[in-house]
Amino acid sequence: MVSTPQVVGDTLPGADLNAPLLEVEDLKVEFRVRGKRVPAVRSASFTLERGRTLAVVGESGSGKSVTSQAVMGILDSPPAYITGGEVRLQGVDLLKQNEETRRTVRGNHIAIVFQDALSALNPLWSVGFQIGELFRVHRGTGRAEAKKRAIELLDLVGIPDAKNRVGHYPHQFSGGMRQRVMIAMALALDPEVLIADEPTTALDVTVQAQIMRLLKSIQEERHMGLILITHDLGVVADVADDVAVMYAGEVVERAGIRDAFKRPAHPYSKALLRAIPRVDTLGQELEVIAGLPPNPASLPTGCPFHPRCKAAEDRCAEEAPPLAAVAEGHTSRCHFAMEVYRDER
Amino acid sequence: MGRYVIRRLLQALLTLGIVLFILHYLMALSVQIRGNPAILFFGGERTPDPAMLAQVERLYGLDNGCYDRPGDPCLVPFVERLQNYAAGDFGTTLNGNRDVAALLGIYIPNTLRLFLFSTVTLVVLAMVLGTWAARHRGRLVDHSVRGTTILIDSVPVFLILLAYVYMMAVPLTRWARGIWGTESFMGQVFRPSYNPDYPWTTIVIPGIILGTVGLATLTRLVRASQLENIGADFVRTAKAKGLGQMRITVVHVVRNSMIPIVTGIGYLFAFMLSGAVLTEGVMGIPGMGYMIFNAVQRQEINLVIVGLTISAIVVVVVSLVVDLLYAALDPRIRYE
């Protein structure tokens, strides 16, 4: 009754199919609270190609969720404002587009799966309605046809008896099934980029694996770009192609997955890897990263990781390191990146 | 869903039964302690002839011996009264011996009309202002809405009524009649008092004025419950789905914030009954509030009980409707 059904072309105006699918460059987001400016994302840069999976890894508060919401364009302003950088989808800078274009990009080109499906789904509408809504708003589809599409999608994400389940409400599904509903919703308009923001955190371990496998298989089938946001390196090891590690609002290391695990070039990534329990270190005490993540309102001078860093020297407290390449497709934001990379530090 | 409805219906019936009994018992106690109201029939001063008194007592159902025993619940007359009510027999008034059922036929529709206009005014104003304030939280709009509604609400309703009747009604009526004529809608709507020839038109303004009672409360309730949902995760999801602002507000915010609002409306509806006494009194509308007020003044016990019974029924029915609306709004309640 309130939406004007609008048929939106599947191609973004000005899109260059040869450009990388999604490039985020030096993205900056700050929160303005009572006159104070708190940087949440200070410099996020990464590239996502078609058919690849990029894992964005970091502790809570490192800015990874804010980055994903900035890419989607769903930050709440106030208090959050994008203050710099570019988000290019097939060469088109989304941050320069008007609100109407950005709205059609959401769902059509970039979709997101949130962490806690119980609160991310509206409790008062059936899952069929919430999935069908995308077709009705973006494609001008009628109610019956939208419901049919919703059933197909529920079927696709492996919900048994989709025909009957389509009219059920979120609270009638189990945690894993709800997350599948979220995924079905994100896939509805066949987006090129799918962002999964900690999609398995709220689930138990066996279900986690099922959801990861589902995401991976759909990503391969549709040749989508998948951004997997997580704080759990173990989860990404067998699904991701590339890794971007975030710390205190910055991407501190970017690498291919094998390189990132074998030869990390940033002391923070290295410390994260040591904190994962592994079969070959069974029985030994796990290493922990000393200290707490920094408060974004009062970041340490120089490299923000230096107070917790085992490799830090005096220089680290004064000078912020630039993002520098250590090898082909492997960059790190550390003064001693080469030495860490060669495992000399 | 069916079980939920049946359970709520039975609860409503039980509540109504208890309320009616309490009313009856209070009345019986007042007769037992304060003395026989049938004496009123004889002017209250003289000692009437015992045979005539007995006849009057029989006429008004006061002949049962239980009325002479303080504390006796008087169950027999209670059951008799319920049977009479069920048969549509509401008795007669002490003064003038008029049929109460016929009086109700005049009073109830007027009060219903009054409530219809005031409920619509209240709900529409509070929803629009509350939604508007919620969308502009902390900005000028928000503060103006809060200030204005509190200002309106803090002026007692009878003051607004009197100001209207004595200062605005006459010039407005004169102006409207000069343009549209006496018999038109506009010619009647601003009248300072009720006109039985225009039972709908002349209740519009009193209804709107009565609708401002509780406006600040309901507006704040709307604002607060919408703010709670505006920040909810599913609203972020709706944004991520590329829905427009209007659709997000109507489909994902307003509906989700309706439960506290429906509760508030139900509560204010019961509250409006007291406002109806004032409004009907000032504007000369022959309605239930007017009737109960006069009945209490004239010690028309039968009329008081009928009036209170009806208002109890209204309150119970409204809470039943509120309960059913919960279920209609929220599937988690429906499938409980």
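The values are calculated or read from the model by the stated rules, or taken from the named source; none is laboratory data. Everything numeric in this text was worked out from a predicted model, so none of it was measured. With ideal geometry, Cβ positions are generated from the backbone for all residues, glycine too; neighbour counts draw on all protein chains shown.
Which condition number in (1) within 30 Å of B:Gln188 (Cα to Cα); (2) touching a residue at least 40 places away in the same chain (Cβ under 8 Å) is the one that B:Leu308 fails?
If we test B:Leu308 against (1) within 30 Å of B:Gln188 (Cα to Cα); (2) touching a residue at least 40 places away in the same chain (Cβ under 8 Å), just (1) comes out false.
With the requirement that a residue be within 11 Å of the chain's Cα centre (by Cα), under 16 Å from B:Val19 (Cβ atoms) and assigned by TED's automatic domain parsing to the domain that holds B:Thr121, what does the range B:270-313 give you?
B:Ala270, B:Leu273
Of the residues B:Ile248, B:Ile261, which is outside any loop (DSSP other than H, G, I, E, B) and over 30 Å from A:Phe135 (Cβ atoms)?
B:Ile261
Which residue, of B:Gly207, B:Gly214, is closer than 13 Å to B:Glu280 by Cα and in contact (Cβ under 8 Å) with a residue 40 or more places away in the chain?
After applying the criteria, what remains is B:Gly207.
Looking at A:Arg143, A:Arg88, A:Arg102, which one is at pLDDT below 90, more than 7 Å from chain B (Cβ to nearest Cβ) and more than 16 Å from A:Met185 (Cβ to Cβ)?
Answer to the check: A:Arg102.
So is A:Leu94 surrounded by 19 or more Cβ atoms within 10 Å (Cβ to Cβ), over 16 Å from A:Leu189 (Cβ atoms), touching a strand residue (DSSP E or B) at 6+ places or on another chain (Cβ under 8 Å) and away from chain B (no Cβ under 12 Å) or not?
yes
Going through the range A:206-236 one residue at a time, which ones are surrounded by fewer than 16 Cβ atoms within 10 Å (Cβ to Cβ) and of a type in the set (A, V, I, L, M)?
Correct list: A:Ala209 only.
Could you run through the range B:111-163 and say how many residues are surrounded by fewer than 17 Cβ atoms within 10 Å (Cβ to Cβ), more than 25 Å from B:Ile205 (Cβ to Cβ) and of a type in the set (A, V, I, L, M)?
Residues in the range B:111-163 being surrounded by fewer than 17 Cβ atoms within 10 Å (Cβ to Cβ), more than 25 Å from B:Ile205 (Cβ to Cβ) and of a type in the set (A, V, I, L, M): 2 in total.
Please go through the range B:255-264 and give me each residue that is facing another protein chain (nearest Cβ under 7 Å) and surrounded by 22 or more Cβ atoms within 10 Å (Cβ to Cβ), ordered by number.
Hit for the range B:255-264 is B:Asn256, nothing else.
What's the number of the condition A:Gly176 fails, among (1) more than 14 Å from every other protein chain (Cβ to nearest Cβ); (2) more than 14 Å from the chain's Cα centre (by Cα); (3) small (Gly, Ala, Ser); (4) outside any helix (DSSP H, G or I)?
(4)
One residue is enough: does the range A:193-215 have a residue meeting the conditions at pLDDT 90 or above, small (Gly, Ala, Ser), within 19 Å of the chain's Cα centre (by Cα) and in a loop (DSSP other than H, G, I, E, B)?
No - not one qualifying residue is present in the range A:193-215.
Given the conditions (1) in contact with a Leu (Cβ under 8 Å, 6 or more places away or on another chain); (2) under 24 Å from A:Gly61 (Cβ atoms), and given that A:Gly234 satisfies all but one, which numbered condition is not satisfied?
(1)
So for the range A:58-76 (the condition being of a type in the set (D, E, K, R), within 14 Å of chain B (Cβ to nearest Cβ) and surrounded by fewer than 18 Cβ atoms within 10 Å (Cβ to Cβ)), does at least one residue qualify?
yes
Among the residues of the range A:112-126, what is the count of those that are buried (at least 23 other Cβ atoms within 10 Å of the Cβ) and facing another protein chain (nearest Cβ under 7 Å)?
Of the residues in the range A:112-126, 5 are buried (at least 23 other Cβ atoms within 10 Å of the Cβ) and facing another protein chain (nearest Cβ under 7 Å).
Within 14 Å of chain B (Cβ to nearest Cβ) and either of a type outside the set (Asp, Glu) or within 27 Å of A:Arg333 (Cα to Cα) (or both): is that true of A:Ala80 in this structure?
Criteria met by A:Ala80.
Failed condition for B:His252, given (1) surrounded by 19 or more Cβ atoms within 10 Å (Cβ to Cβ); (2) away from every other protein chain (no Cβ under 14 Å), with all others met?
Looking at each condition in turn, B:His252 falls short on (2).
Looking only at the range B:1-37, count how many residues are farther than 30 Å from B:Asn95 by Cα and part of a helix (DSSP H, G or I).
14
Tell me, which residue of the range A:262-297 that is among the small types (Gly, Ala, Ser) and part of a loop (DSSP other than H, G, I, E, B) is farthest from A:Val340 (Cα to Cα)?
A:Ala297
Tell me, yes or no, whether the range A:160-171 has at least one residue that is among the aromatic types (Phe, Trp, Tyr) and away from chain B (no Cβ under 11 Å).
No, that holds for no residue.
Of the conditions (1) modelled with pLDDT of 90 or more; (2) farther than 24 Å from B:Phe271 by Cβ; (3) surrounded by 12 or more Cβ atoms within 10 Å (Cβ to Cβ), B:Phe190 clears all except one; give me its number.
(1)
Which residues, counting only those in the range B:195-211, are surrounded by fewer than 21 Cβ atoms within 10 Å (Cβ to Cβ) and at pLDDT below 90?
B:Asn195, B:Pro196, B:Asp197, B:Tyr198, B:Pro199, B:Trp200, B:Thr201 - these are the residues of the range B:195-211 that are surrounded by fewer than 21 Cβ atoms within 10 Å (Cβ to Cβ) and at pLDDT below 90.
Check every one of the helices (runs of 4 or more DSSP H) wholly within the range B:134-198 and list those with 3 or more residues that are in the same structural domain as B:Ala276 (by TED's automatic domain parsing) and farther than 25 Å from B:Tyr290 by Cβ.
In the range B:134-198, the matching helices (runs of 4 or more DSSP H) lie at B:140-154, B:169-180.
From B:Gly275, B:Gly284, which residue is on the phi > 0 side of the Ramachandran plot, away from every other protein chain (no Cβ under 14 Å) and modelled with pLDDT under 90?
B:Gly284
Please enumerate the residues belonging to the range A:86-121 that are within 23 Å of B:Gly231 (Cα to Cα) and among the small types (Gly, Ala, Ser).
A:Gly107, A:Ala111, A:Ala117, A:Ser119, A:Ala120
What number of residues within the range B:233-247 are more than 7 Å from chain A (Cβ to nearest Cβ) and either crowded, with 18+ Cβ neighbours inside 10 Å or farther than 23 Å from A:Asn98 by Cβ (or both)?
Qualifying residue count for the region: 2.
Output the number of residues of the range A:137-168 satisfying the condition of being farther than 25 Å from A:Glu221 by Cα and not in a loop (DSSP other than H, G, I, E, B).
4
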